[in-house]
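Notes for the one structure printed next.
The values are calculated or read from the model by the stated rules, or taken from the named source; none is laboratory data. Values in this document were obtained by computation on a predicted structure and should not be read as measured data. Don't worry about glycine lacking a Cβ; one is built from the backbone with ideal geometry, like all the others, and counts go over all protein chains shown. Surface areas here come from the heavy atoms of the whole protein model, side chains and all, with no ligands, DNA or RNA. Shrake-Rupley method; radii C 1.70, N 1.55, O 1.52, S 1.80 Å.
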Amino acid sequence: VCAQQHHAEAKALFTDATVLPRVSFVPWQDQQVLRDLYDAHAIFLFPSLFEGFGKAFIEAMTRGLCVVASDNGGMKDVIRHGENGILAETGDVQGMTDACIRLMRSPAEMAAMGSRARQTGRRLTWDLVARRTLDFYERLIELKRETTGNGVSVAGKPR
């Protein structure tokens with residue numbers, strides 16, 4: 001899924017003529033259409049050169065897709081290589097291609113990995129993210145308090 005004007009450029013990245021007919025290129029979609037699109041596929045290829053903590057790979061995981069992604073950003077924090085997805089070095093086109101081909105040749109492995117991806121993705125809720133973010137800021141404030149003596153928490157309550 002990417003802007004229509006980038007489809008030709010994305011297609012040109014596939015040098016193996018046997019792979020390209022099995023790849024779908026679609027423009028940006030609303031959430032319901034995107035969910036249906038995920039459900040119609042088994043592999044989510046995410047060759048990002050840099051990613052903070054995007055949600056696209058999490059969405060794919062929650063729908064049970066095998067995510068083959070670059071080893072950067074949030075992907076390396078969530079995907080356990082070979083267990084709930086595949087990580088390849090950022091920019092390693094051959095490694096990602098090989099991983100996709102291996103998964104397509106092993107439907108049982110792909111299904112098991114997709115199932116584990118679904119379990120992982122469904123645990124990553126907005127509530128969990130909010131709690132972890134709050135915990136992180138509380139720890140930073142505690143560290144600052146220890147070094148400066150300021151005893152105010154994130155919630156504004158005295159400590």
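Observations, loosely collected:
- For region 88-103, the tally of residues that are in a helix (DSSP H, G or I), open to solvent by less than 60 Å² (accessible area, probe 1.4 Å) and either touching a helix residue (DSSP H, G or I) at 6+ places or on another chain (Cβ under 6 Å) or among the polar types (S, T, N, Q) (or both) stands at 2.
- Of all positions in region 54-67, none carries a residue that is free of Cβ contacts under 8 Å to residues at least 24 places away in the same chain, farther than 24 Å from SER115 by Cβ and open to solvent by less than 70 Å² (accessible area, probe 1.4 Å).
- Among the conditions (1) modelled with pLDDT under 90; (2) part of a helix (DSSP H, G or I); (3) under 16 Å from the mean Cα position of the chain (by Cα); (4) of a type in the set (D, E, K, R), GLU51 misses just one, which is (2).
- For region 27-48, the set of residues classified as assigned to a loop (DSSP other than H, G, I, E, B), open to solvent by less than 40 Å² (accessible area, probe 1.4 Å) and not polar (S, T, N, Q) is empty.
- Members of region 2-12 found to be surrounded by 10 or more Cβ atoms within 10 Å (Cβ to Cβ) and more than 20 Å from TYR38 (Cβ to Cβ), listed by number: LYS11
- Of residues in region 133-156 being part of a helix (DSSP H, G or I) and either touching a Gly at 6+ places or on another chain (Cβ under 8 Å) or modelled with pLDDT under 80 (or both), the one surrounded by the most Cβ atoms within 10 Å (Cβ to Cβ): ARG145
- Cross-chain or 6+ apart pairs with Cβ under 6 Å, region 81-92 first and among the charged types (D, E, K, R), then open to solvent by 40 Å² or more (accessible area, probe 1.4 Å) and assigned to a loop (DSSP other than H, G, I, E, B): GLU89/ASP71
- Those residues of region 108-132 which are over 17 Å from the mean Cα position of the chain (by Cα), under 17 Å from ARG63 (Cβ atoms) and open to solvent by 60 Å² or more (accessible area, probe 1.4 Å), in sequence order: ALA111
- Pairs meeting the criteria (first residue in region 1-30 and among the acidic types (Asp, Glu), second residue surrounded by 10 or more Cβ atoms within 10 Å (Cβ to Cβ), beta carbons under 8 Å, at least 6 apart or on different chains) are ASP16/THR97.
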